[in-house]
Amino acid sequence: MNQTVLADPTNGLADFDAETMCADLSQQGWSLCRLSDTILLETLRDEARSLWQNDALSPAGIGRADDHDVVRKIRRDLTHWMDGSTPAQTAYMAFAEALRREVNYRLMLGLFAFEAHYAVYEPGGFYKRHVDSFRGARNRVLSSVLYLNEDWDRADGGLLRIYAPDSDTVLAEVSPEFGTLAVFLSEDIPHEVTPARRDRFSIAGWHRCNDRGLVPALQVKGLPVA
């Protein structure tokens, strides 16, 4: 596994347009940007690929604890939870912390914790339409997906399809291209992953807070709040 020492863990990744991202989140509930730290992105990609090649990923499931079960009719991807045990993972956690601070400053979301896992969709892998947090659960608040695929063509499938809340209207189809970061409100934005036609690598992450019902920046924009 690549153990590249990263002199500045947040260089490039933290240099995102926080103002635009937060404006998008408050107005439409989702946002896209491109990250520029090629060295870290390549290190994360290599680590994900190494874990996959060494059978260190497990079939993903639905739910938690006693409700957790592998449901192949709903999703077919492999995952490996990040624990900060490598320089690349530590660097990505540092980026997530920088993002947390920026979003809290601008939107007062009260985010305080972050969790993430590598995800691999092999050919035929998909994840049907869903939201990342049940309405009123007040656990996952902000979802993020960082894509680690070079030379990806839309014909390769594996698109992130974003829907309007409570509607079948498709707002965007995001190609999982190298360095693309998608962020969206976990309770409000339905999404799916269309079937992949080649191996597809990403990092899925979630910022959490204690009580989303007290978020004024989202309430005043008319977005649904439990």
Subject >> Test: A98 is over 26 Å from G29 (Cβ atoms), small (G, A, S) and surrounded by 16 or more Cβ atoms within 10 Å (Cβ to Cβ) >> reply: no
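Rundown of residues vs (1) under 23 Å from L109 (Cβ atoms); (2) surrounded by 19 or more Cβ atoms within 10 Å (Cβ to Cβ); (3) β-branched (V, I, T), yes/no style:
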{"site": "N149", "(1), (2), (3)": "no, yes, no"}
{"site": "S167", "(1), (2), (3)": "no, no, no"}
{"site": "E173", "(1), (2), (3)": "no, no, no"}
{"site": "V183", "(1), (2), (3)": "yes, yes, yes"}
**OP:** Might you let me know whether the stretch 52-59 holds any residue that is under 17 Å from Y147 (Cβ atoms), of a type in the set (G, A, S) and in contact with a Leu (Cβ under 7 Å, 6 or more places away or on another chain)?
**Re:** no
Original post:
Just one of V103, V120 is in a helix (DSSP H, G or I), among the β-branched types (V, I, T) and buried (at least 19 other Cβ atoms within 10 Å of the Cβ); which is it?
Top reply: V103
Subject >> Condition broken by S133, with the remaining ones in (1) touching a residue at least 40 places away in the same chain (Cβ under 8 Å); (2) touching a Gly at 6+ places or on another chain (Cβ under 9 Å) satisfied >> reply: (2)
Subject >> Single condition E177 does not satisfy, out of (1) closer than 29 Å to R101 by Cβ; (2) surrounded by fewer than 19 Cβ atoms within 10 Å (Cβ to Cβ); (3) modelled with pLDDT under 95 >> reply: (3)
Original post:
Which ones in the stretch 152-167 are touching a strand residue (DSSP E or B) at 6+ places or on another chain (Cβ under 9 Å) and of a type in the set (D, E, K, R)?
Top reply: R154, D156, R161
Subject >> Residues of the stretch 33-47 classified as part of a loop (DSSP other than H, G, I, E, B), in contact (Cβ under 8 Å) with a residue 60 or more places away in the chain and surrounded by 17 or more Cβ atoms within 10 Å (Cβ to Cβ), total >> reply: 1
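So that you can scan it fast, the table gives a plain yes or no per residue for (1) in a strand (DSSP E or B); (2) among the basic types (K, R); (3) modelled with pLDDT of 95 or more:
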site	(1), (2), (3)
A14	no, no, no
C22	no, no, yes
S26	no, no, yes
S31	yes, no, yes
R49	no, yes, yes
W52	no, no, yes
Original post:
For residues in the stretch 200-226 being crowded, with 17+ Cβ neighbours inside 10 Å and either at positive phi or assigned to a loop (DSSP other than H, G, I, E, B) (or both), which is modelled with the lowest pLDDT?
Top reply: V225
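The values are calculated or read from the model by the stated rules, or taken from the named source; none is laboratory data. This one's a predicted model, so the numbers in the text were calculated from it and none came from an experiment. All Cβ positions, glycine included, derive from the backbone under ideal geometry; neighbour counts span all protein chains shown.
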